[in-house]
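What follows is one structure encoded as structure tokens, with my remarks underneath.
The values are calculated or read from the model by the stated rules, or taken from the named source; none is laboratory data. These numbers were taken from a predicted model, which means no experiment stands behind them. Cβ: placed from backbone, ideal geometry, glycine included. Neighbour counts: every protein chain shown.
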Amino acid sequence: MAEAQLGPLGTGAATNPPVPQVIDEKPEGRSTAAGVRKGIWIVVLTGLSVLFLYPFVWLFSASFKPRQDVFDNRLIPKRLAWNFDDVANAAPVLRWLVNSLWISGLGALCVTFSSALVAFAFAYFRFPGRNVLFAILLATLMLPPQVTLIPTYLIWNEVGKFTIAHPFLPHVGTNTQYPLWVPNLFGSAFYIFLQRQFFLGIPRELFEAARIDGDNYWSMFRRIAIPLAKPALIVTFIFEVQAKWFDLMTPLIYLRDSALFTLPVGIKTILDRFGQGGGGEGDWQIIVAATLILTLPMIIIFALFQKYFIEGIATQGRKG
């Protein structure tokens with residue numbers, strides 16, 4: 001039998017082993033340097049935030065100034081003026097706003113859904129020549145849109161002539177809004193690449209288990225792929241809404257009727273009419289107010305979906 005250890009007074013009580021003391025060996029200079037670096041980053045980020053926010057703050061302030069005070073660089077106007085009534089009287093801005101809203105929303109929905117279908121096919125199915133086809137798809141990103149601008153216009157022009165010659169068909173072609181969103185039904189190479197990366201990150205065992213349970217490809221796409229790739233779909237939707245919202249070239253080429261204009265073309269019309277460069281009298285209060293109408297919806301959309309937007313970009317960055 002092992003002998004019991006005696007206490008310091010010989011009472012037979014066992015003595016507790018000494019508790020080692022944990023000494024914080026972190027130098028004070030290291031924590032001070034980390035605090036300094038953190039402070040520098042805060043100052044830099046604050047400066048960049050002010051730099052990027054100042055143009056919008058100036059635009060917002062100038063939209064509520066009378067004509068003579070637009071360029072006084074005061075962020076708080078000395079005198080307030082409601083210039084939006086002048087904008088509404090000068091042009092059908094509300095009509096242009098509605099056109100931009102439905103074209104951007106419909107075009108974004110179309111390209112999000114069609115790109116997701118193609119991306120899921122490239123991610124799930126294994127077939128000969130898959131990598132070659134995907135490489136050809138990515139190669140189209142290298143093709144400048146200006147190269148296909150004239151051929152695409154000629155196609156829509158011929159389609160319009162065909163529909164006019166057959167009155168039972170809806171008029172589709174130039175001077176209609178169909179060329180602004182119908183091409184989105186065929187997907188986009190960039191969005192297909194983006195969503196394919198998300199679909200590749202989904203464990204294949206989920207799809208195999210669904211196949212064993214009797215799901216077809218469409219139900220797997222609807223019940224598994226779409227919910228798990230929601231950040232990528234929302235990023236695609238936001239990107240395309242922004243692209244359609246600020247697109248000037250496409251509606252400028254295809255639209256001639258002012259009632260069909262979108263906001264970018266409408267803003268250009270207002271600039272040509274009221275700006276001094278277009279022969280106007282320099283009514284810049286109307287121009288900046290119309291520009292605020294063009295910009296504000298995108299800020300609201302980003303504020304509503306920024307959680308999914310940041311999540312989608314961060315997830316894509318981790319997959320690298």
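Taken together, Phe198, Phe190 contain a single residue that is at pLDDT below 90 and within 20 Å of Val111 (Cβ to Cβ), which is Phe198.
A single member of Pro170, Pro151 is in the same structural domain as Pro297 (by TED's automatic domain parsing) and either assigned to a helix (DSSP H, G or I) or within 20 Å of Phe122 (Cβ to Cβ) (or both), and it is Pro151.
So that you can scan it fast, the table gives a plain yes or no per residue for (1) in a loop (DSSP other than H, G, I, E, B); (2) among the small types (Gly, Ala, Ser); (3) closer than 30 Å to Thr269 by Cβ; (4) at pLDDT 90 or above:
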| site | (1), (2), (3), (4) |
| --- | --- |
| Gly12 | yes, yes, no, no |
| Lys26 | yes, no, no, no |
| Gly29 | no, yes, no, no |
| Ala34 | no, yes, no, no |
| Lys38 | no, no, no, no |
| Leu45 | no, no, no, yes |
| Leu59 | no, no, yes, yes |
| Phe64 | yes, no, yes, yes |
| Asp72 | yes, no, yes, no |
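Condition first: under 27 Å from Val182 (Cβ atoms), surrounded by 16 or more Cβ atoms within 10 Å (Cβ to Cβ), of a type outside the set (Phe, Trp, Tyr) and modelled with pLDDT of 90 or more. Can you find one or more residues in the range 281-290 that meet it? No, that holds for no residue. Limited to the range 85-118, what total is found for residues that are closer than 19 Å to Gln177 by Cα and charged (D, E, K, R)? Residues meeting the conditions: 1.
Could we say that Trp58 is farther than 30 Å from Ala210 by Cβ, assigned by TED's automatic domain parsing to the domain that holds Ile224, surrounded by fewer than 19 Cβ atoms within 10 Å (Cβ to Cβ) and without any contact (Cβ under 8 Å) to a residue 24 or more places away in the chain here? Here the answer is no, as Trp58 does not meet what is asked.
Every condition in (1) without any contact (Cβ under 8 Å) to a residue 12 or more places away in the chain; (2) among the hydroxyl-bearing types (Ser, Thr, Tyr); (3) outside any helix (DSSP H, G or I) is met by Thr176 except one, and the failing one is (1). For Phe134, state whether it is assigned to a helix (DSSP H, G or I), in contact with a Lys or Arg (Cβ under 9 Å, 6 or more places away or on another chain), surrounded by 10 or more Cβ atoms within 10 Å (Cβ to Cβ) and among the aromatic types (Phe, Trp, Tyr). Yes; evaluated as a whole, the condition is true for this residue. Cβ-Cβ distances below 6 Å connect the following pairs, each with a first residue in the range 148-164 that is on the phi < 0 side of the Ramachandran plot, a second residue that is part of a helix (DSSP H, G or I), and a separation of six or more residues or different chains: Trp156/Pro179.
Could you tell me whether the range 102-109 includes any residue that is assigned to a helix (DSSP H, G or I) and without any contact (Cβ under 8 Å) to a residue 24 or more places away in the chain? Yes - at least one qualifying residue is present in the range 102-109. When the criteria are applied in full, Ala210 fails the requirement of being closer than 21 Å to Arg126 by Cα, modelled with pLDDT under 90 and crowded, with 20+ Cβ neighbours inside 10 Å. Checking each residue in the range 238-271 for being under 14 Å from Thr174 (Cβ atoms), in contact (Cβ under 8 Å) with a residue 60 or more places away in the chain and surrounded by fewer than 20 Cβ atoms within 10 Å (Cβ to Cβ) picks out Ile253, Arg256, Asp257, Leu260.
Being surrounded by 13 or more Cβ atoms within 10 Å (Cβ to Cβ), at pLDDT 90 or above, more than 22 Å from the chain's Cα centre (by Cα) and under 30 Å from Ser188 (Cα atoms), is that true of even one residue in the range 94-102? Yes, because at least one residue in the range 94-102 is surrounded by 13 or more Cβ atoms within 10 Å (Cβ to Cβ), at pLDDT 90 or above, more than 22 Å from the chain's Cα centre (by Cα) and under 30 Å from Ser188 (Cα atoms). Would you pick out the residues in the range 121-135 that are within 19 Å of Ala210 (Cβ to Cβ) and in contact (Cβ under 8 Å) with a residue 12 or more places away in the chain? Of everything in the range 121-135, those that are within 19 Å of Ala210 (Cβ to Cβ) and in contact (Cβ under 8 Å) with a residue 12 or more places away in the chain turn out to be Phe122, Ala123, Tyr124. Does Ser115 meet the test of being within 23 Å of Tyr254 (Cβ to Cβ), touching a Lys or Arg at 6+ places or on another chain (Cβ under 8 Å) and among the hydroxyl-bearing types (Ser, Thr, Tyr)? Against the criterion (within 23 Å of Tyr254 (Cβ to Cβ), touching a Lys or Arg at 6+ places or on another chain (Cβ under 8 Å) and among the hydroxyl-bearing types (Ser, Thr, Tyr)), Ser115 does not qualify.
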